[in-house]
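*Asks:* Attaching a single structure in C-alpha cells format; questions to follow.
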Amino acid sequence: MAQSTPQLDESWKAVVGGEFDQPYMQSLKAFLLDQKQAGKHIFPKGSQYFRALDLTPIDQVRVVILGQDPYHGAGQAHGLCFSVQPGVRIPPSLVNIYKEMESDLGIPRANHGFLEHWARQGVLLLNSVLTVEEGRAGAHQGKGWERFTDRIIHAVAEEREHVVFILWGAYAQKKAAFVDQSRHLVLKSVHPSPLSAHNGFFGSKPFSKTNAYLQSHGLEPIDWQLPITPDAG
C-alpha cells in the first residue's frame, strides 16, 4: 500500500504531515486521480506539487510570497508561485516584479523566470492552490488545497519569528490576514499583474524593505539577484 504522506521535506512533514490523513486531503487525492484517469493534463507534475516546501524547509523560512494558482500553460509551472521553468517566456506579472526589483535595488532584470535561487535562501514561494488543469485557470480551487496551504501559513506564523510576508493583491492579503504584525513584517500592495501594477505595486519597494527588516533582526538579507544561467540545483 502506498504511503498516505507523499514525499515531503522532513521539517514540513513534522508540522503538516497529519493533514494527509484528513478526509479533505483524501478527497483531494481522489479528485486528482480521477482527473488524471480522465485524461486531463495536470500542472505541475506530481513530483513538484510540494516543490516550494522541499526547497524551503520550515526552519529556514525568512520570507513568504503568496500566489494563487499555478500557471496553466504547458511547461510553465514547477511548484513555485510566480516562477516558470527555464526556457519558458517570463510571465507578465513576473516581468513587473523584475521591473520593481530593478527600480528598488538596481538589480538588472533576469532573462529567465526560474526563481529557485530565492527559494533556496528561505523565500517560501507558495501558491494557495497547488495544482491546475491545462488551459483552465482556477480549475482546482475549492478542492482542498486552500485548507492545506492555510495550515502551512499558520505553521510559519506560529513557529517562526521575524518572517516577512509579502502579500500582493487582495487574495493573498485575505489568506494571511491573521499574521501577527508585532511578530512578523507584513508588506501589502496591489498585485503585480499588468492590470493593477500601476496602482501601487510599482514603487512599493518590497525587496529593500524585506532586507532592511531581516538585517534589523540580525538575519541575513536575501540575495534577490538571479543567476544568469538558471540554477536547477
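The values are calculated or read from the model by the stated rules, or taken from the named source; none is laboratory data. Because the structure is predicted, anything quoted here is derived from the model rather than measured. As a convention, Cβ positions derive from the backbone with ideal geometry for all residues, glycine included, and neighbour counts pool all protein chains shown. Side chains included, ligands, DNA and RNA excluded: accessible areas come from the protein's heavy atoms. Shrake-Rupley method; radii C 1.70, N 1.55, O 1.52, S 1.80 Å.
*Asks:* Give a residue-ordered list of calculated ³J(HN,Hα) values for the stretch 169-186 (Karplus: 6.51 cos²θ - 1.76 cosθ + 1.60, θ = phi - 60°; whole Hz; x for Gly, Pro).
*Replies:* Result, rounded to whole Hz: x, 4, 4, 5, 5, 5, 5, 10, 5, 7, 4, 6, 7, 7, 10, 9, 9, 10.
*Asks:* Express in nm, to one decimal, how much length is gained between A38 and K188 on full extension, taking 0.36 nm for each residue of separation and deducting their alpha carbon distance.
*Replies:* So the extension gain works out to 50.0 nm.
*Asks:* As I understand it, the dipole of the chain uses +1 on the Cβ of Lys and Arg and -1 on the Cβ of Asp and Glu, about the Cα centre. Which of S208, G18, P57 lies farthest toward its positive end?
*Replies:* Checked the options; the winner is S208.
*Asks:* In addition: How far is helix 145-159 tilted off the main Cα axis of the chain, in degrees rounded to 10, range 0 to 90?
*Replies:* 50 degrees
*Asks:* What aspartates and glutamates does K36 reach when the alpha-carbon gap must be under 16 Å and sequence neighbours fewer than 8 apart in one chain are set aside?
*Replies:* Qualifying aspartates and glutamates at Cα under 16 Å: E133, E134.
*Asks:* On a straight-distance basis, which lysines could pair with K99 in a cross-link, Cα separation under 26 angstrom, same-chain partners fewer than 8 positions away excluded?
*Replies:* Candidates past the 8-residue exclusion: K174, K175, K188, K205, K209.
*Asks:* Another question, then. Give a quick list of trypsin sites (Lys or Arg not before Pro) in the stretch 84-130 that DSSP marks as loop, anything other than H, G, I, E or B, with at most 15 other Cβ atoms within 10 Å.
*Replies:* The qualifying sites are R89, R109, R120.
*Asks:* Give me the accessible area per residue for the chain, probe 1.4 Å, as a whole number in Å².
*Replies:* 46 Å²
*Asks:* Put a dot 7 Å past each Cα toward the Cβ at S27 and E134; how far apart are the dots in nm?
*Replies:* 2.8 nm
*Asks:* Choose one of L8, S47, G113: the residue whose Cα lies farthest towards the positive end of the charge dipole of the chain (beta-carbon charges +1 Lys, Arg; -1 Asp, Glu; about the Cα centre).
*Replies:* G113
*Asks:* First compute the accessible area of the stretch 12-162 with a 1.4 Å probe, then give the percent of it belonging to carbon and sulfur atoms.
*Replies:* 47 percent
*Asks:* Mind checking the dipole of the chain: about its Cα centre, +1 per Lys or Arg Cβ, -1 per Asp or Glu Cβ, Debye to the nearest 20?
*Replies:* Roughly 560 debye for the chain.
*Asks:* Among the lysines, which fall within straight-line cross-link reach of K13, defined as a Cα-Cα distance under 19 Å, with same-chain neighbours fewer than 8 residues apart omitted?
*Replies:* Qualifying lysines at Cα under 19 Å: K29.
*Asks:* Considering amide H positions built from the backbone, and no H for Pro or chain starts, which residues 5 or more places from N127, or on another chain, come under 5 Å of its amide H?
*Replies:* Excluding prolines and chain starts, which carry no amide H, the hits are G67, C81.
*Asks:* Helix 206-216: angle to the longest alpha-carbon principal axis of the chain, degrees 0 to 90, nearest 10?
*Replies:* 80 degrees
*Asks:* Under 9 Å from the Cβ of G203, count the other residues' Cβ atoms, weight Lys and Arg +1, Asp and Glu -1, and hand me the total.
*Replies:* So the surrounding residues net to -1.
*Asks:* Computed FRET efficiency, Cβ-Cβ of L8 and N199, R0 30 Å: what is it to the nearest 0.05?
*Replies:* The formula returns an efficiency of 0.20 here.
*Asks:* Using the basic label-point model (7 angstrom from Cα toward the beta carbon), what is the V95 to D59 distance in nanometres?
*Replies:* If labels sit at V95 and D59, their model points lie 4.2 nm apart.
*Asks:* To the nearest 0.05, how large is the calculated FRET efficiency for K209 and F178 if R₀ is 22 Å and r is the Cβ-Cβ distance?
*Replies:* About 0.55, to the nearest 0.05.
*Asks:* Which ³J(HN,Hα) values in Hz, rounded to whole numbers, follow from the phi angles of the stretch 123-132 under the Karplus curve 6.51 cos²θ - 1.76 cosθ + 1.60, where θ = phi - 60° and Gly and Pro get x?
*Replies:* For the stretch 123-132, the Karplus-derived couplings read 9, 7, 9, 9, 7, 5, 10, 9, 9, 7 Hz, x marking Gly and Pro.
*Asks:* Among residues other than Q22 whose Cβ falls under 15 Å from its Cβ, what is the net charge (Lys/Arg +1, Asp/Glu -1)?
*Replies:* +1
*Asks:* Considering the chain as a Gaussian network with a 10 Å cut-off on Cα pairs, which listed residue, F20, F201, F178, attains the greatest mean-square fluctuation?
*Replies:* F178
*Asks:* Note the angle between two axes, namely the Cα long axis of helix 23-37 and the longest principal axis of the Cα atoms of the chain, as a number of degrees from 0 to 90, rounded to the nearest 10.
*Replies:* With rounding to tens, the tilt is 80 degrees.
*Asks:* State the Kirkwood hydrodynamic radius of the stretch 10-217 in Å, one decimal place, computed from all pairs of distinct Cα atoms.
*Replies:* 17.5 Å
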